[in-house]
Amino acid sequence: MLAFDHYRLKLDSTHKGLIFSFNGFISEGILFALGDALKKKMSADETNAVTIKRVFSVFVEQAQNIIRYSAETLAEKDLEINRISSGLITVGSDDGRFFVACGNVMRREDAKPLQARLEKIRDLDPAGIKAFYRERIMDTDEAGSKGASLGLIEIARRASEPIQFDFFDIDERTTFYCMKAFV
Amino acid sequence: MIPETTLPNTYLPARERSPEIDFRYSDNRLTMRGEAYPEDAASFFGPLLKEVAAHCAATQGQALTAEFQLIYFNTSSAKALMNLIQILEKAGLGGTQVHIRWLIQKDDDVMREFGEDFASELKHVQFQLLEL
């Protein structure tokens, strides 16, 4: 049963076209290692270099958003780079297009402003996304957001269609947030 | 008399997540090559930006060449790069002849677009986008 259960898990991933799926606590070190494996795998599959760069960029921004904004987080005092946070990140291909999806638990009070930002970004056309990126990069102090807006805009900029996102309320205080971008 | 910079040169070898930094203040030449997505972009770029600003203040009116050959940078690093570009623009406005060379791999439309974005912020700096 042990092997069968795990093989089924692996088959399920294969059928979904996944390159990898990570679920658990993620650190900056894991981000680097997963990103490295991702580049090597895509390169071995002879994926176009600019496509690899786009997928990698979406992966980095999503992974850093989990580390910085997941409600399930552990950080040593004043050592932001040692922070680990729980989330899910998946990279795969579907019908010849790559996708990167992420999910994490967050406080419901933080979900509202995030949803508004995501809706704004989703509804922009490519020229609008580019202009919004420029506006945010010039804004030297994004108080409280540790730069998240720019990361979300970067994801939309590398995507070939509008970003998808969803929220599932877990209880009165927490919600599960997830987003998916096709490159 | 043209004041000369007193800053020592800064060299940082490329690491897994940070670019090679070769800032030769003695030659008025700054070079950055590689990938940039350090764990903490502020602590990596912060001291470098301070140095460049100090150098520009001390060498107003001279020539300065900044060469970027970047493969990838994340959004935290993009903010720092924009700050650096603005320091150079300010130096240009103050009379320094700043020349930025933005080197990209052929067909790299991501880095090309970033170069064009940065160039559009510049009025007092010569900006050159070059394909390798």
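The values are calculated or read from the model by the stated rules, or taken from the named source; none is laboratory data. Quantities reported herein were computed from a predicted structural model and do not represent experimental measurements. Cβ: placed from backbone, ideal geometry, glycine included. Neighbour counts: every protein chain shown.
Annotations
- Matching residues, segment A:8-32, being in a helix (DSSP H, G or I) and in contact with a Ser or Thr (Cβ under 7 Å, 6 or more places away or on another chain): A:SER13
For every residue, the table says whether it meets (1) more than 13 Å from chain A (Cβ to nearest Cβ); (2) buried (at least 19 other Cβ atoms within 10 Å of the Cβ); (3) outside any strand (DSSP E or B).
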position: B:PHE44; (1), (2), (3): no, yes, yes
position: B:LEU48; (1), (2), (3): yes, no, yes
position: B:ALA54; (1), (2), (3): yes, no, yes
position: B:GLN60; (1), (2), (3): yes, no, yes
position: B:GLU67; (1), (2), (3): yes, no, no
position: B:TYR72; (1), (2), (3): no, yes, no
position: B:SER76; (1), (2), (3): no, yes, yes
position: B:LEU81; (1), (2), (3): no, yes, yes
position: B:LEU84; (1), (2), (3): no, yes, yes
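- Test result for A:LYS40, in a helix (DSSP H, G or I), surrounded by 12 or more Cβ atoms within 10 Å (Cβ to Cβ) and among the basic types (Lys, Arg): no
- Residues (of a type in the set (Val, Ile, Thr) and within 21 Å of A:PHE182 (Cβ to Cβ)) located in segment A:17-67: A:ILE19, A:THR47, A:VAL50, A:THR51, A:ILE52, A:VAL55, A:VAL58, A:VAL60, A:ILE66
- Elements of type helices (runs of 4 or more DSSP H) contained in segment A:83-183, each with 2 or more residues being surrounded by fewer than 13 Cβ atoms within 10 Å (Cβ to Cβ) and within 14 Å of chain B (Cβ to nearest Cβ): A:126-138
- Scanning segment A:43-58 for residues that are free of Cβ contacts under 8 Å to residues at least 12 places away in the same chain, within 11 Å of chain B (Cβ to nearest Cβ) and assigned to a helix (DSSP H, G or I) turns up A:ALA49, A:VAL50, A:LYS53.
- In segment B:93-115, the qualifying residues are those that are closer than 11 Å to B:LEU70 by Cα and among the hydrophobic types (A, V, I, L, M, F, W, C), and the one that is farthest from the chain's Cα centre (by Cα) is B:VAL110.
- Every pair of residues 6+ apart whose Cβ atoms lie under 6 Å, when the first sits in segment B:105-132 and is small (Gly, Ala, Ser) while the second is surrounded by 14 or more Cβ atoms within 10 Å (Cβ to Cβ) and modelled with pLDDT of 90 or more: B:GLY115/B:TRP102; B:GLY115/B:LEU129; B:ALA119/B:PHE127
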